[in-house]
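The values are calculated or read from the model by the stated rules, or taken from the named source; none is laboratory data. The structure displayed is predicted, hence computed values, not measured ones. Neighbour counts are summed over all protein chains in view; Cβ atoms, including those assigned to glycine, are modelled from backbone coordinates with ideal geometry.
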Amino acid sequence: MLELCRCPVGGGWVELVMGERKAYPSDLTDEQWAVVGPFLDPWKARHPSVSGHQGRYELREILNSIFYQNRTGCQWAFLPHDLPPKSATYYYFALWRKDGTDQAIHDLLRCQARERAGRAEDPTAVVLDTQSIRAADHVPAATTGKDAGKRVPGRKRGLAVDALGLIIAVVVAAASVTDNLIGIRLLDQVVEHTPTVTRAWVDAGFKHDVAIHGAVLGIDIEVVKRHPARVRADQAPLGRRADLRHADAAPPSGPRIREPHSIIGIAHVVGLDREPCTPAHRHQHPDLAGPTTGPGVNTTTAWDLIAAREATATAACDDLREQTPSSATNSPPSTPNSSTCRSPARP
């Protein structure tokens, strides 16, 4: 004897006849079928069979079979034996894709979701973006490519979504296809399905061709740039990386006057370019990472030696300053190994 039972599936309930089959997690719930069923029943009435046959499988089971294949990713021929076979499932899938039934159902569900969020049925603005993804090994090479900018081999998908993130249009192409071409195709689909759209936001990857095509279609294209405050240290230009990485380091005190190359060379020989190792300047002098105090280090003798070198270097610098201009404005450009001719303070 057959009995009805209610099985929990996807947050809802499904009424099944005991003895037929067990519910899959991808099956339509009663609430979902109540939304889609009234749309498919009239479609079935408009497409009668030539022989008058009403069909062996119910449309709800056809949808369950399509959702099972989409969720698991199995081949059509490997559908479970308790679901409609490939011949019936793929027949309806291809027919609905060809006559636009799947797109009509998707638009109907999107309109209902927008109404529940307190918005109009049709959007007036969309967001365009692309993403390059790696393709599996068995994907044909004719439908794949390599994104030269992101260095990703595979395919590129482009999406047009509304302010709620609901999909308006989708374009899938090889990763070698430019963002401009995908953006143009997305705009064509947006105008076809939602003619109420008058504005589109894009990133810097979409160039002038998309803006020109949008102007022809009556859509204002606005390029959204990344906020400078949100740039990470590894994404900043090369000139700013050091500032972002060592933002907590204290700047050196006092004016840093560039000296002639000969003076810099003498200061480097006598060791006056070495400053005491402090945490604030550790990144400027990596060679001073060793300990300056502790067992085996005679601090007094070391500073006496530095004082003697200071006197010698100061005399040499005074002699060279008399021969070369000492003004900072007339001094020659500094070299990569330049430093200041100043002595460290004694402890």
Legend entry - Residue match in segment 173-189 (condition: buried (at least 16 other Cβ atoms within 10 Å of the Cβ) and under 21 Å from ALA120 (Cα atoms)): yes
Inset, instruction - Determine whether segment 116-125 contains at least one residue that is of a type in the set (D, E, K, R), touching a helix residue (DSSP H, G or I) at 6+ places or on another chain (Cβ under 6 Å) and loosely packed, with under 15 Cβ neighbours inside 10 Å. - result: yes
Legend entry - Those residues of segment 159-194 which are farther than 11 Å from LEU128 by Cβ and touching a residue at least 40 places away in the same chain (Cβ under 8 Å), in sequence order: ASP162, ALA163, LEU164, LEU166, ILE167, ALA175, HIS193, THR194
Inset, instruction - Go through (1) more than 36 Å from the chain's Cα centre (by Cα); (2) surrounded by 11 or more Cβ atoms within 10 Å (Cβ to Cβ); (3) touching a residue at least 24 places away in the same chain (Cβ under 8 Å) and name the single condition ARG56 misses. - result: (2)
Inset, instruction - Identify the residue in segment 59-81 that is exposed (fewer than 11 other Cβ atoms within 10 Å of the Cβ) and not aliphatic (A, V, I, L, M) and, among all such residues, is nearest to LYS22 (Cα to Cα). - result: HIS81
Inset, instruction - Would you confirm whether any residue within segment 168-182 is in the same structural domain as ASP209 (by TED's automatic domain parsing), among the small types (Gly, Ala, Ser) and closer than 22 Å to ALA211 by Cβ? - result: yes
Inset, instruction - State yes or no: is ARG185 assigned to a strand (DSSP E or B) and touching a strand residue (DSSP E or B) at 6+ places or on another chain (Cβ under 7 Å)? - result: no
Inset, instruction - Kindly check whether there is at least one residue in segment 197-204 that is among the aromatic types (Phe, Trp, Tyr), part of a loop (DSSP other than H, G, I, E, B) and either modelled with pLDDT of 90 or more or within 23 Å of the chain's Cα centre (by Cα) (or both). - result: no
Inset, instruction - Give the residue that is farthest from GLU20 (Cα to Cα), with candidates limited to residues of segment 43-58 that are assigned to a helix (DSSP H, G or I) and basic (Lys, Arg). - result: ARG46
Inset, instruction - Report, by residue number, each residue of segment 196-222 that is surrounded by fewer than 19 Cβ atoms within 10 Å (Cβ to Cβ) and in contact (Cβ under 8 Å) with a residue 60 or more places away in the chain. - result: THR196, THR198, ARG199, TRP201, ASP203, GLY205
Legend entry - Scope segment 109-151; condition among the basic types (Lys, Arg) and closer than 10 Å to ALA175 by Cβ; matching residues: ARG134, LYS146, LYS150, ARG151
Inset, instruction - Considering each residue of segment 6-38, count those that are at pLDDT below 50 and exposed (fewer than 12 other Cβ atoms within 10 Å of the Cβ), and give that number. - result: 3
